[in-house]
1. So how many residues does region 50-63 have that are hydrophobic (A, V, I, L, M, F, W, C) and open to solvent by 20 Å² or more (accessible area, probe 1.4 Å)?
2. List the helices (runs of 4 or more DSSP H) that sit entirely inside region 53-145 and contain at least 2 residues that are under 15 Å from ARG35 (Cα atoms).
3. GLU106: modelled with pLDDT of 95 or more and of a type in the set (D, E, K, R), yes or no?
4. Pull up region 24-49, narrow it to residues that are assigned to a helix (DSSP H, G or I) and touching a helix residue (DSSP H, G or I) at 6+ places or on another chain (Cβ under 9 Å), then point me to the one that is surrounded by the fewest Cβ atoms within 10 Å (Cβ to Cβ).
5. In the list PHE21, PHE69, which residue meets the criterion of being modelled with pLDDT of 95 or more, surrounded by 14 or more Cβ atoms within 10 Å (Cβ to Cβ) and of a type in the set (Phe, Trp, Tyr)?
Amino acid sequence: MSGGEGAPEGIERRRTEGGDFRARVLVVDDDQVDRMAVRRNLARAPGEIVVEEAEGVLDAIGRLTGEPFDCVVLDYNLPDGDGLTFLRGLRSAGLDVPVVMLTGQEDAGVARALLRSGAAAYLPKAGLSADVLLATIRDAVRGRA
């Protein structure tokens, strides 16, 4: 898949008139359809958002240790680990990148544990809108300043 105009392979750049928000976002999800849904939602955002993808924990760790990201959108259930363990590992390693958790399950106990462990937000995948996703990422990135 080719990125937007002038973007390297695998990176999509979207820009709209008058947008002032810029972010580099890593979407970590083993489900290609869910990654594409996040990408489509962020493509509607004003400003410039660079979206890269990782299919699991190991891929994400490699990218996060080698490249700067403004935010991670992380699926809770991954085949090579769960989001809570991954989030705790990021914090233990001193990586303070904001993490927005996505999940297909709505479990208040998991949500509390994720937020206590440093997730910026917890969003259900069902019915996720571009506006909610963008506002959540924007708040997470700006709250990190």
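The values are calculated or read from the model by the stated rules, or taken from the named source; none is laboratory data. These numbers come from a predicted model, not from an experiment. Cβ coordinates were reconstructed from backbone atoms using ideal geometry, including for glycine residues, and neighbour counts include every protein chain displayed. Quick note on the areas: whole protein, heavy atoms, side chains included, nothing else; ligands and nucleic acids left out. Shrake-Rupley method; radii C 1.70, N 1.55, O 1.52, S 1.80 Å.
1. So the answer is 2.
2. Working: elements: 57-66, 83-92, 108-116, 130-142.
Because the criterion is at least 2 residues that are under 15 Å from ARG35 (Cα atoms), the helices (runs of 4 or more DSSP H) in region 53-145 that meet it are 57-66, 130-142.
3. no
4. Step by step, filter region 24-49, then rank; the result is ARG40.
5. PHE69
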